[in-house]
Amino acid sequence: MTDTAVHVTGLRRVFGTRAVLDGLDLAITRGEFVALLGASGSGKTTLLRILGALDRFDDGEVLVPQVRTIVFQEPRLVPSKKVLANVTVAMPRGAGTRETGLRALREVGLERHADAWPGTLSGGEAQRVALARALVREPELLLLDEPFAALDALTRLRMQDLVGELCRTYSPAVLLVTHDVDEAIRLADRVAVLRDGRLVTNETVTIDRPRDPADPAFGVLRRRLLADLGVHTHTQPRTGKSTRVPETETSGVI
């Protein structure tokens, strides 16, 4: 189908004797935002790295767009380059490169920081630069690997709003890897849960935007996703608190 950006069938990735991904199927349409939940060690980041051509796979079929970018948990800025140069680092040099980079910085609210050094930025500012760097190439597929995990609660919410707004503007296919159930519901068009190497949940989020954790429908979906993750709770988390998937013992595979 021409509107399919990501098409994965029968995907297997084996580490030693353990199949972290074991016959996984996934499709993401163009412009669709998918959030992927799962316990630590379930293979979320392994899947993201395969889609980003940073890791191999052992079996199956993976079809992805040629233009794809990744935003990691750490901004991974080049300390020796100023902010604007970090944003345009992967772009070909040309007459419009600077203006394109400035426009990307303007979209994340950092145009005035174009000539700043990365070391002078706050954590949230650095992550916004990383987001601008990812979007400046107008990717068909945007891969987000827990990009807000290291941020404080308020900055995290602001970054979620910014990412949601920019993704609606650029309309790439998006895969967000997260441990945060509320974050997944707040941002995604569809939420998938990865367990035992396959997707055990693949649910469209029908709650109207903007999505409020106090909305009863939000709470119902939260509890259902937590149950699919193996977390059973009889009390609803307090409004404004993120609901994160508990860490589990792993063998070093994420």
Relative pair counts by distance (%), Cα atoms of segment 130-207, 5 Å bins: 3, 13, 26, 26, 18, 11, 3, 0
The chain: angle of helix 216-228 to the longest principal axis, Cα-based, in degrees nearest 10: 70 degrees
R0 of 25 Å, Cβ-Cβ distance Val200-Leu154: FRET efficiency to nearest 0.05: 0.15
Kirkwood hydrodynamic radius over Cα pairs of the chain, then Stokes diffusion coefficient at 20 °C and 1.002 mPa s, in µm²/s: 114 µm²/s
0 to 90° range, to nearest 10: angle between helix 153-170 axis and the chain longest Cα axis: 80 degrees
Helix 97-107 vs. the chain, principal-axis angle (Cα, 0 to 90°, nearest 10): 50 degrees
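Read-outs: derived from the displayed coordinates by stated rules, not from any lab. Keep in mind it's a predicted model, so treat the numbers as computed, not measured. All Cβ positions, even for glycine, are placed from backbone atoms using ideal geometry, and neighbour counts span all protein chains on display.
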